[in-house]
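This report refers to the structure that appears directly beneath it.
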Amino acid sequence: MAARRAADAGARDGRGRAQGRLIRASRAARLHLVATVALGLATTALIVAQATLLAHVVARVFVDGAALADVAPSLWWLAAASVARGLAAAGTEAGGRYGAARVLADLRERLVRRLLLERPGSLAGEHAGELAATAVQGVDALEAYFARYLPQAALSCLAPVAILAWVLPRDLEAAAILAVTVPLIPLFMVLIGRLAAERTRRRWRTLSALSARFLDLVSGLETLRAFGRTSAAGRALDEAGERYRRETMATLRIGFLSALVLELLATLGTALVAVTVGVQLASGSLGLEAGLTVLILAPELYAPLRELGAQFHASADGLAAAERILEVLDAPGGVTVRRPTVEPPDPALVPVSLEDVRFTYPGRSAPVLDGASLTLEPGRLTALVGPSGAGKTTLALLVLRLADPDSGTVACGGVDLRRVEPRAWRRRAAWVPQRATIFAGTVEDNVRLARPEATSAEVAEALRAAGAEEFVAALPDGAQTRLGDGGRRLSAGQSRRIALARAFLSDASLVVLDEPTAHLDAHSAAAVEAAIGRLAAGRTVLLITHRPELAAACDRVLELRHGRIAALGRQGLEAAA
Amino acid sequence: MSLSRRGSHAPLWRMARATRSRWRLLALSVLLGAGAVLAGVGLLAVSGYLISRAAQRPEILSLGVAIAAVRSLAIARAALRYGERLASHDLAFRTLADLRRRLFARLVPLVPGGLPGVGRADVLSRFVGDVDRLQDLYLRALGPVAVGLLSAAATLLIAFALLPAAAAALAVGLLVAGLVTPLLTRAAARAAGRRQAAARAALTAAIVEVTGGAAEIALAGRERDWIERADRASARLARIQRRDALSGGLATGLATAATGLTAVGVALVAVPAVRGGALAGVLLAAVLLLTLGAFETVRPLPSAGASIDACGAAARRIEDILDRPAPVVDPEQPARPPSAGDLEARGLRFRYDDAGPWLLAGVDMRLAPGKAIALAGPSGCGKSTLAELLVRFRDPVAGAVLLGGIDLRDLPQEELRDAVLLGSQDAYLFDGTIRENLALAKPDASQAELERAARRVGLGPWLAALPDGLDTAVGEQGAQVSGGQRRRIAAARLLLSPARFLIADEPAAHLDPPAAAALHAELAREARAGRGVLLIAHEPYGLERFDEVLELREGRLKARG
């Protein structure tokens, strides 16, 4: 319930926009919309057919005293119409599910391409799992939208109009009642919905606050136990629950009035039609068959509209899922290329430089890099230190051409890197990120990432150079051990060394290392440090670190602070430590 | 989880039974709900009678009763529904509060020692998510089923009174729509879930790699390989989903067709009955409209079934966690807690599984009031486990921890922990103010005491600069304050407590060396006030003031040389 309300409250404002974007964004969604409307039309026609046939049977038997054989053809037709209506419903449901699967597959394909080809390096790792879950499991939520909400929406537009058109020539009075009450339902829904929206949101906030409080107490249970406060916490939980219940029930008493009004409109509308039809029948101005048909149709007229409200809420999650992916698809990012492009210069021979670079993350007001300039001399080991959050990793992304600066240039040997095909430039570079991704596959597959054609001997050599030989040998299947999803999990230090081995094996002449020894125990850190020394031979290396010991071994130490670079001498380094 | 338990809803029933004290509210809400549904069915049936009667062109006045009935049923339907909504929500909130309290109480003895070691935070947040899911237990699962069954039975009774054969035909139709198709749908969904599970997992893994490792893939120039992999997995899943969509659609179609076909079936028995005189002709429309309306009673059943399954799965996962044995239990005849004496470890041996290597292989230690001991050692060597043994979050496999000469296993846990306080490594800050978090250690602490504790851990200048001072909110899990400040608040909390022995596990993690040294020294100073202090520290900053510096290595304590 909490999740649903959350989606409601969040989705309500942007809902129209999200639907529009989804329909525009996906061809599969457009096709599905057409099919849904067609099936909605068929369903409406079948509803009217069923009503007339049933009324016909009753009138013939009751008024004319017909026998079963006389009405048998009508009953056959009624059965056929029922089966057809079932088929239409089956088609709507199957089509809706199919549509949801298609649309999501479509969005997934584009997501994968956008992330890999246009803007790699834009996602922080912590959102990866959540986004993947949305892209796969979102189909369940999207089914509610495609298989239930959209058809219901189509039916609530089509059925009332068609049924009214049918009733109008047959019974003016009943048609008038329907014509007046039916539009009131959506009108009230909107009016009351607006009034209730804020109340719903507030109710949802309290509900999720209560759940958050429970989570807070459960998460801190060990601390509560250590301080002997568990029974006090249990009591607090109770009091909060009771207070919440009383508050919520007070608002619900009013909130549910809206549902009461809608319900009354539908039931009183039906009752009024019944009475009106009855009076007309008694006065002889209407026949039983027509009157009965109108009566059977009346609830069918109100039902889709009332259902729509419920489906509206149920489908919010699905829209939220689609929205989440569209957000990523629409987010700005990526790198610009100025054509014609030139061959990438080799950073092993000529320096890489940043000049007066400025970079602001979308949605932030302050730039993280503001006039940063630095030069990475070829073949040298340059350390970059600075407080966390200073923009060291951002700077690395710019050097690797995973992002573009807002202003300023990134160049190599005087060539503006915007004139180089990013993929060609990246082939010259290797990156050992803070949290290395281990892909599903063997240890060897993982090390071979940048050079799939490398031999086992070369991989073994790279592992040895990265200081990973020992732990890999201890794995059950050595370098053939499966890692990643469904395979063996590696510790942070082990993953880091696999990533180092990747860098050793690649032909990259520029290597960027991001905090390679962070969170490692002393033994692992020493192994990684030694490996970095070996890696630096013959390569240009940018080492991001906050460890003074590590920085001290570098050829040059630069500090990033307040968005700018300053060179640090030995004394400065000690002061920074 | 064993296979035989997977489909079982026994845990769900146990949880539902636990809230049986609310049966009066439950009965009220079911009666109101069934009344609302029946009023709707009645509205249609009486309308049908009214029209048929009117067609016989009687005096308008003679229709008065039927007209009044139609109107009151219309109003009753809406009013009863309103009442049901209120009653059922009230019930849902009350039962959820009951459940939270009961489950929290059952969880208490399991944390931290009774949960699987890896991803404890994960286990707990899933637990809370599952408890939240049980909100639907009454509102969407049990309530609609009870209302549906009751109103369907009542409708069948009315039909039986009008024409027994019609009731039989209607019963068949309701059974198909209310039971057979939901079961078919459920079976189809389960089969689909099984078929899709592997494909979904493969696709999720591929996309996780892409979302998390896009930069590394791009730098390696392998974009095309991963696109191909993701597309292949996506296409495979879409193929299975297409097939499953068809079976799901057919089940829905069956339920829809059932309504009309049942009307045909009822007509087949009712029409001859009118001719034969068993059914008054004026009631024929009523019987048929009753039939159409009757399907309203079973309409919520399929989704209620799905909710029952979802709640059942949540209940099973909850019980999977709560059914673990508590790692420590209070003694049956507790000893009187000693008011003085040392905290002593004697020959402690501990390992996490029966065949594994010993993490602690004979640890002896004595912590006296007024003494400060520092304990160092590589990560994962068992320092935190030793700390947990000292406050009896776990029991040793062999050896004993004694407080004032009494085995901890003979003491009531609450009072033991009043005397020995563990500030654990992942010291938790609750969503509230700094003051509230500090007050955990000493609810009646004065403003001056709180400020002094904060100053001692180096929070003074920071607090002074905050507009709200101690009343600043720390946010969920302390997210509004930095990692270092979080540590310091936790350390201040420790200093504030009146416990006789303080065990601080890595209180200075994430602090820079000078700050860590200052904090460590402050803890050592606390010992001068007559308490016993055990500091567990990864980094050996500021240990000069400690009476002893020990090292845990290969399961044993050694003086650090």
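The values are calculated or read from the model by the stated rules, or taken from the named source; none is laboratory data. Given the structure is predicted, the values throughout are model-derived calculations rather than measurements. Every residue, glycine among them, receives a Cβ derived from its backbone with ideal geometry; neighbour counts consider all protein chains shown. Ligands, DNA and RNA are excluded from the accessible area calculation, which covers all protein heavy atoms including side chains. Shrake-Rupley method; radii C 1.70, N 1.55, O 1.52, S 1.80 Å.
Data for the structure
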{"read-out": "Shape of segment B:324-440, Cα gyration tensor, a/c cut at 1.5", "value": "rounded"}
{"read-out": "Cα centre as origin, Lys/Arg/Asp/Glu Cβ charges: the protein assembly as shown dipole, Debye", "value": "1540 debye"}
{"read-out": "Taking chain B and dividing mean pair separation by its residue count, relative contact order in percent (alpha carbons under 8 Å, at least six apart)", "value": "16 percent"}
{"read-out": "Computed magnitude of the charge dipole of segment A:329-371 (debye, nearest 20; Cβ of K, R +1, Cβ of D, E -1)", "value": "160 debye"}
{"read-out": "Chains B and A together, accessible area buried on both sides, 1.4 angstrom probe, square angstrom", "value": "11400 Å²"}
{"read-out": "Amide H contacts of B:Ala398 (H built 1.01 Å from N, under 5 Å, at least 5 apart or other chain)", "value": "B:Arg349"}
{"read-out": "Accessible-area composition of chain B, carbon plus sulfur, in percent [1.4 Å probe]", "value": "58 percent"}
{"read-out": "Debye intensity ratio I(q)/I(0), log10, chain B, q values 0.06, 0.08, 0.12, 0.13 Å⁻¹ (C-alpha model)", "value": "-0.53, -0.79, -1.18, -1.28"}
{"read-out": "Simple spin-label estimate for A:Leu184 and B:Glu554 in nanometres, 7 Å along Cα-Cβ", "value": "8.9 nm"}
{"read-out": "Span per principal axis, largest first, for the Cα atoms of the protein assembly as shown (Å)", "value": "111, 85, 56"}
{"read-out": "Residue-averaged [θ]222 nm for chain A, counting only DSSP H segments that reach four residues, each worth -39500 (n - 2.57)", "value": "-22000 deg cm²/dmol"}
{"read-out": "Unit charges at the beta carbon, dipole of the protein assembly as shown: most positive-side option, A:Pro120, A:Ala42, B:Pro507", "value": "A:Ala42"}
{"read-out": "Probe 1.4 Å, protein heavy atoms only - accessible area per residue of the protein assembly as shown in square angstrom", "value": "41 Å²"}
{"read-out": "Residue (of B:Leu162, B:Leu535, B:Ala258) at the positive-pole extreme of chain B, dipole from beta-carbon charges", "value": "B:Leu162"}
{"read-out": "Inter-centroid distance (Cα atoms) of segment A:450-507 relative to segment B:323-360, Å", "value": "41 Å"}
{"read-out": "Inter-part distance where segment B:377-426 and segment B:88-105 are each reduced to a Cα centre, Å", "value": "34 Å"}
{"read-out": "Net charge dipole size for segment A:2-330 [Lys, Arg +1 and Asp, Glu -1 on Cβ; Debye, nearest 20]", "value": "1080 debye"}
{"read-out": "222 nm mean residue ellipticity, helices alone, for chain B (DSSP H n ≥ 4; -39,500 (n - 2.57); rounded to 500)", "value": "-20000 deg cm²/dmol"}
{"read-out": "Cα-based reach from B:Lys558 at 16 Å (exclusive), listing aspartates and glutamates while leaving out same-chain residues under 8 positions away", "value": "B:Glu344, B:Asp364, B:Asp547, B:Glu548"}
{"read-out": "Separation between Cα centres of segment B:486-561 and segment A:381-438, rounded to whole Å", "value": "41 Å"}
{"read-out": "R0 of 30 Å, Cβ-Cβ distance B:Thr472-A:Ala133: FRET efficiency to nearest 0.05", "value": "0.30"}
{"read-out": "Amide H partners (placed H, <5 Å) of A:Val511, local residues excluded", "value": "A:Ala430, A:Thr540, A:Val541, A:Leu542"}
{"read-out": "Signed unit charges on C-beta, dipole axis of segment B:343-559, positive-most listed residue B:Leu386, B:Gly432, B:Gly362", "value": "B:Gly362"}
{"read-out": "Chain A, relative contact order in percent, only Cα pairs under 8 angstrom and at least six apart counted", "value": "16 percent"}
{"read-out": "Nitroxide proxy distance, nm - points 7 Å out along Cα→Cβ at A:Arg253 and B:Arg57", "value": "5.4 nm"}
{"read-out": "Label-to-label distance, nm, for residues given as A:Leu168 and A:Ala236 (7 Å Cα→Cβ offset)", "value": "6.5 nm"}
